[in-house]
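Note sheet for the following structure.
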Amino acid sequence: MLASRAFSLVGRRSICTSLCLRAHGHGVVKAEDYTLPSYVDRRDVPLPEVAFVRDLSAQQRALKEKEKASWSALSVDEKVELYRIKFNETYAEMKKGTNEWKTILGGVLFFLGLTGFILIWQKNFMYGPIPHTFSEEWLSAQTKRMLDMRVNPVEGISAQWDFEKNEWKK
Amino acid sequence: MRGLLARRMKFHLLGAFLVSMGSAALYKIGVAEPRKRAYEDFYRNYDPMKDFEAMKAAGVLESAPPK
């Protein structure tokens, strides 16, 4: 109390702690929404911490009163309304797929195609000539040397060559 | 709403078993066995000296020139 009196000398609103608030009769700070238990539509949470609809209309409040009596007195529509008050989506609605995969696939293919264009442009306008060791003559001489050396004779290149007939095996 | 984990677990255990055994079996019959047969066939009538003479004649052996 002494502290709040001292503060009132300086200026009532200039410095105010929660103690001060309590002294002036304010009470606890209002709890933010995100700190309270919340509703969630999840397949592995069958009964969320709170009902979906927080502030009931007068009609819904009347229905909630009726729910306190025998349930066989409720019509089907009323039961559905009670369900919708408590839950947002049904399990069927929750599990329903979306068409998102089409968007994703389309985006992926689009960017792949765009990359293709970029690569073609690069080959045409940017890169220099490839090494001379890729010419036809060099490659055939290279292959002949590999066959002479019997490279990979069991399952590889020398296994595909017919050494008797001097041609590739059929 | 009951037995959700049990059902999922049963499905996935069976699936994992089948997929792993299946892929091992496929590898064995698709890759391992043909490779073993290829090596068997290659070495059944393999004559290393004939191969050596052929390589020598082709001129790829630096310490064993053709002539």
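Annotations for the structure displayed:
- Longest DSSP-loop-exposure-free segment, GluC sites (Glu not before Pro), chain A, at most 14 other Cβ within 10 Å: A:90-154
- Between helix A:136-148 and chain A: long-axis angle, C-alpha atoms, 0 to 90°, nearest 10: 80 degrees
- In the range A:129-170, comparing the full protein assembly with the chain on its own, the residues that lose 50 Å² or more of accessible surface at a 1.4 Å probe are A:Asp148, A:Arg150, A:Val154, A:Glu155.
- With a threshold of 23 Å on the Cα-Cα distance, the over-threshold entries among A:Lys66/A:Lys86; A:Lys165/B:Lys56; A:Lys144/B:Lys28 are A:Lys144/B:Lys28.
- Buried area at the A:B interface is about 900 square angstrom, summed over both chains, from accessible surfaces computed with a 1.4 angstrom probe.
- For a straight C-alpha distance cut-off of 20 angstrom, the aspartates and glutamates reachable from A:Lys169 (same-chain residues fewer than eight places away being disregarded) are A:Asp148, A:Glu155, B:Glu40, B:Asp41, B:Asp51.
- Per residue, the range B:4-58 exposes 88 Å² of solvent-accessible protein surface, assessed with a 1.4 angstrom probe and all protein chains in place.
- By definition, a body whose alpha carbon gyration tensor gives a ≥ b ≥ c is oblate when a/c is 1.5 or more and a/b is not larger than b/c, and the range A:32-96 fits this oblate description.
- A:Trp161 long-range amide H proximity, modeled H, under 5 Å: A:Lys169
- Compared with the dominant Cα axis of chain A, that is its longest principal axis, helix A:58-67 is turned about 90°.
- Cut-off under 5 Å, modelled amide H: who pairs with A:Phe87 long-range: A:Phe52
- Helix-only mean residue ellipticity at 222 nm for chain A, each DSSP H run of n ≥ 4 adding -39500 (n - 2.57), per residue, nearest 500: -14500 deg cm²/dmol
The values are calculated or read from the model by the stated rules, or taken from the named source; none is laboratory data. This is a predicted model, so every value here is computed, not measured. Counting neighbours? That spans all protein chains shown, and the Cβs are built from the backbone with ideal geometry, glycine included. Note: areas computed on protein heavy atoms with side chains; ligands, DNA, RNA excluded. Shrake-Rupley method; radii C 1.70, N 1.55, O 1.52, S 1.80 Å.
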